[in-house]
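Worksheet: the structure to be examined is printed underneath.
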Amino acid sequence: MFGRLMPKEVRYFDFFDAHAEQIVAGGQALVAMIGALIDSPEQAALHAAQIDQCERQADKITRETEAMLHTSFITPFDRDEIHQLITHMDNVLDQIENVAESMTLYDIHKVTLEAKRMADLSLSCCETVARVIKLLRSLANAPLILKACREIDQIEDEVDVIMREAMSRAFREEPDLRQLIKLKAIYEQLEAVTDCCKDVGNTVQGIVLENS
């Protein structure tokens, strides 16, 4: 019996890894979209479509993970922890998609250096999340996992600082009220990406500390 169930336990990690790959791909597409906005709106639209595709694929993985929770007897750790982890991971891509949709809806063609820097750091945070998820297959990796979770916290803190500085600069220097409103919304959306990554890190940290 256990021989039949153990592969299902491994499949959870396969799902986590597959979802993390979509998170990184979405983060890469967001950086590319922001880079293309000024020079190539058509290319930016293609990157936005890539983000949408990543989000749909991640939703499929999330549904499959949730379905497996209802059918498998053995799980690698607590069911609620699995549910929280895959939900927080899905929130990362949802937020990346929110940024892309906001830029499209607001017809953004002017991208500040702060927004680009926040997007770059968001990608770094997504890549660190993927590294954490891959390490989670073995609790022997606990020291490396906890170190990477701290890195996520540090990146999130750095993005917070950039956002505050960017908002302050925008309110001081941006004369166009409509552009100011757009910038504020984009900054907040970008900052929320790393907030979602931090939620993943906190969940993984809890799993490691409780199961080590």
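Couple of notes before you dig in:
- Take the conditions (1) in a helix (DSSP H, G or I); (2) aliphatic (A, V, I, L, M); (3) over 18 Å from the mean Cα position of the chain (by Cα); M89 misses just one of them, which is (3).
- Restricting the range 1-46 to residues that are among the polar types (S, T, N, Q) and at pLDDT below 90, the residue that is surrounded by the most Cβ atoms within 10 Å (Cβ to Cβ): Q43
- Just one of (1) surrounded by 15 or more Cβ atoms within 10 Å (Cβ to Cβ); (2) of a type in the set (A, V, I, L, M); (3) within 26 Å of L113 (Cα to Cα) fails for A49. It is (1).
- Here V99 clears all of (1) in contact with a Lys or Arg (Cβ under 9 Å, 6 or more places away or on another chain); (2) touching a residue at least 60 places away in the same chain (Cβ under 8 Å); (3) among the aliphatic types (A, V, I, L, M) except the condition numbered (1).
- Candidates in the range 60-114 are the residues that are closer than 27 Å to L180 by Cβ and charged (D, E, K, R); of these, the one that is surrounded by the fewest Cβ atoms within 10 Å (Cβ to Cβ) is D107.
- Test: residue in the range 87-95 that is of a type in the set (V, I, T) and out of contact with any Phe, Trp or Tyr (no Cβ under 7 Å at 6 or more places or on another chain): yes
- Residue tally, condition surrounded by fewer than 17 Cβ atoms within 10 Å (Cβ to Cβ) and either in contact with a Ser or Thr (Cβ under 6 Å, 6 or more places away or on another chain) or under 12 Å from I207 (Cα atoms) (or both), over the range 152-168: 0
- When I152, I133 are checked against the criterion of being more than 26 Å from E64 (Cα to Cα) and under 15 Å from the mean Cα position of the chain (by Cα), I152 stands alone in meeting it.
- Contact map, the range 155-175: residues that are under 14 Å from L113 (Cα atoms) paired with residues that are among the acidic types (D, E), Cβ distance under 8 Å, separation 6+ or inter-chain. Pairs shown: V159/E191; I162/E114; M163/E114; M163/E188; M163/E191; E165/E114; A166/E114; R169/E114.
The values are calculated or read from the model by the stated rules, or taken from the named source; none is laboratory data. Small disclaimer: the values here were computed from a predicted structure and weren't measured. Every residue, glycine as well, gets a Cβ built from its backbone with ideal geometry; the counts of neighbours run over all protein chains shown.
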